[in-house]
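This report refers to the structure that appears directly beneath it.
The values are calculated or read from the model by the stated rules, or taken from the named source; none is laboratory data. Just so you know, these numbers come straight off a predicted model, no measurement behind them. Methodologically, a virtual Cβ is constructed for each residue, glycine included, from the backbone with ideal geometry; neighbour enumeration extends over all protein chains shown. Heavy atoms of the whole protein, side chains included, go into the accessibility calculation; ligands, DNA and RNA do not. Shrake-Rupley method; radii C 1.70, N 1.55, O 1.52, S 1.80 Å.
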Amino acid sequence: MVQRSSLAAPYEVPLLAVCLLVCVATGKQWKKSLLALSKPHHGKQCPGWWVTPADTQHPHSPSSAGLELSVNDQYADFSLTTTPGPLVSLSCLVQNSSEAEELVWYREDGEVDLNDANKVNISNVCISPVTESDNGVTFTCQLARDDTVQVSVTLDVQFPPDLSGEEILYVEEDKDVTLSCNAKSNPQATAVWYKDNSTLTLQEDHHEVYLTSEVFELSIQTVEASDNGTYTCVLSSSIGEGSKDFHLIVEDKKSIFPLEAVIAAGVVVFFTILFAIVARRDKIFKVWKALVS
């Protein structure tokens, strides 16, 4: 039977002691060795950095975390109030970034054409001249590489009603007529119809009023002689007022067969007969002579 040697343990103790003395003699080098062994190895990595299973971002890929944009010192979407005519400038800045960031501007869904010098970290767009049609238009500045980092500004172009002048309308009795005014304004105007300088009293089945953001209309069905007069369309808003006059002239109802047309037709028939008689006068004379004799 083979017996195990009892000398193994005594030799192990001195060996451990020697290793401990070596590590103590080399200072903290043993700590570094243990840390090196504890690091996971997933292929070549940059010094001092390695990928763990939870990491998904490349070490040199710029992160949008903490980045913000501002437009005219506003960090959130906002509305910019202005008026037609003057230039409006929008300035977009990248905040909290030490790297070059490319910016993109959009007008509604269309991209704004920018030159290269107007794209990095700061970008400006100008609207000139501002017109009524720019009201409600949205401009958006965003990071070219991350469209979730953005700020939008909506133009609030304010203008009073553009309404003036007068118009003369002729309408026959029993016909329908519509008086129409331009109702565009911002803020939206209130609208009233007057007749001969007094507020028009609307009659059911005779008057009908139609108002949208574009037009203000008055329809009169089956016009009567009493509808004759001056109608005034008045639009009023907090920043201005406009009005327009309509002079409605009601004419007598025309007959189905106008007298003038009947007379004209009679004249034509008379001369046609006369010319026929003249053209056949010799033949007619002979026939008449034969009858007499």
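The listed residues are Asp176, Asp227, and the only one of them that is modelled with pLDDT of 95 or more, open to solvent by 50 Å² or more (accessible area, probe 1.4 Å) and either farther than 29 Å from Thr138 by Cβ or over 33 Å from the mean Cα position of the chain (by Cα) (or both) turns out to be Asp176. Against the condition assigned by the TED database to the domain that holds Pro84 and open to solvent by 50 Å² or more (accessible area, probe 1.4 Å), how does Ile122 come out, does it pass? Considered against the rule, which asks whether it is assigned by the TED database to the domain that holds Pro84 and open to solvent by 50 Å² or more (accessible area, probe 1.4 Å), Ile122 comes out as yes. Of the set (1) open to solvent by 20 Å² or more (accessible area, probe 1.4 Å); (2) part of a strand (DSSP E or B), all apply to Leu114 but (2). How many residues does region 208-252 hold that are charged (D, E, K, R) and in contact (Cβ under 8 Å) with a residue 60 or more places away in the chain? Summing the residues that are charged (D, E, K, R) and in contact (Cβ under 8 Å) with a residue 60 or more places away in the chain in region 208-252 gives 5.
For region 83-105, name all the residues that are at pLDDT 95 or above, over 20 Å from Gln158 (Cβ atoms) and either open to solvent by 60 Å² or more (accessible area, probe 1.4 Å) or of a type in the set (Gly, Ala, Ser) (or both). Ser91, Glu102, listed by residue number. The combined condition, being open to solvent by 40 Å² or more (accessible area, probe 1.4 Å) and of a type in the set (Gly, Ala, Ser), is fulfilled by Ser238.
Residues that are aliphatic (A, V, I, L, M) and loosely packed, with under 13 Cβ neighbours inside 10 Å were ranked within region 50-82; the one that is modelled with the highest pLDDT is Ala76.
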